[in-house]
Amino acid sequence: MAIMSSRLIRHEICKDELKSLGARIIDIQGIMFLVKFDLNGNKITYAYHLNEDNTFFLERIKPYLLSIGNYQYEEDIVDVIKVDIEQFVNAMHSSNFEQFIEIDNHLAKLVRLFEDLYLYYNIEKEDLTKLDVSVDCILDNIKEIMKRSERVYTKKDPDVLKEDIEF
């Protein structure tokens, strides 16, 4: 007869809660989990895994890659995913949703391109300065757009984007 630890029982309860939200969960050898949603044809997928220190690392891998963070408890992961799904459902009402996803994918690809640039090439300081100015311009645009745009999700404050954000 197998005996389950309280941690495993809590994790099973959390997986059941995610399933009740419409998720399909793929268990990869009991240490990594994929949580997949299909929201009106929009696929949203999360991955989380157990770290060496018994915490969990969570990331969204679809529709674009985003590292979300480390969490002590499985319940925290469920709470974060619930809010994230709620925000996506809200964002899907926008007529600009597809363009937002496209831009986010481009930004994720930019990060990878930049990494390839500095790992494979010897870049001149002036060229790095030029890239830095370009990135600062994008960040300034994001801040400016935030200030003049109507906030549509208010149940939680943004994790990073704030009025007084500095780059």
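Observations, loosely collected:
- Test: residue in region 117-139 that is closer than 24 Å to V35 by Cα and within 19 Å of the chain's Cα centre (by Cα): no
- Among residues of region 1-26 that are more than 22 Å from E86 (Cα to Cα), those with a Cβ under 7 angstrom from a residue that is modelled with pLDDT of 80 or more and among the charged types (D, E, K, R), sequence gap 6+ or separate chain, pair up as R10/E74.
- Scope region 9-61; condition more than 25 Å from A108 (Cα to Cα) and polar (S, T, N, Q); matching residues: S20, Q29, N54, T55
- Residue that is surrounded by the fewest Cβ atoms within 10 Å (Cβ to Cβ), among those in region 47-74 that are touching a helix residue (DSSP H, G or I) at 6+ places or on another chain (Cβ under 6 Å) and more than 21 Å from Y153 (Cα to Cα): L65
- Condition met for I138 (surrounded by 11 or more Cβ atoms within 10 Å (Cβ to Cβ), within 23 Å of N90 (Cβ to Cβ) and either in contact (Cβ under 8 Å) with a residue 40 or more places away in the chain or not polar (S, T, N, Q) (or both)): no
- Within region 63-79, considering residues that are at pLDDT 90 or above and of a type in the set (D, E), the one nearest to F97 (Cα to Cα): D79
- A Cβ distance below 9 Å, combined with a sequence gap of six or more or placement on separate chains, defines the contacts here; from region 75-88, residues that are closer than 14 Å to K15 by Cβ and surrounded by fewer than 18 Cβ atoms within 10 Å (Cβ to Cβ) reach no residue that is at pLDDT 95 or above and small (G, A, S).
- Failed criterion for K43 (all others in (1) under 15 Å from the mean Cα position of the chain (by Cα); (2) surrounded by 12 or more Cβ atoms within 10 Å (Cβ to Cβ); (3) assigned to a strand (DSSP E or B); (4) not acidic (D, E) hold): (2)
- Residue among I9, I28, I13 that is more than 12 Å from the chain's Cα centre (by Cα), exposed (fewer than 12 other Cβ atoms within 10 Å of the Cβ) and either modelled with pLDDT under 85 or among the charged types (D, E, K, R) (or both): I9
The values are calculated or read from the model by the stated rules, or taken from the named source; none is laboratory data. Worth saying up front: this structure is predicted, and the values here are computed from it rather than measured. No Cβ is skipped: glycine too gets one built from the backbone with ideal geometry, and neighbour counts run over all protein chains shown.
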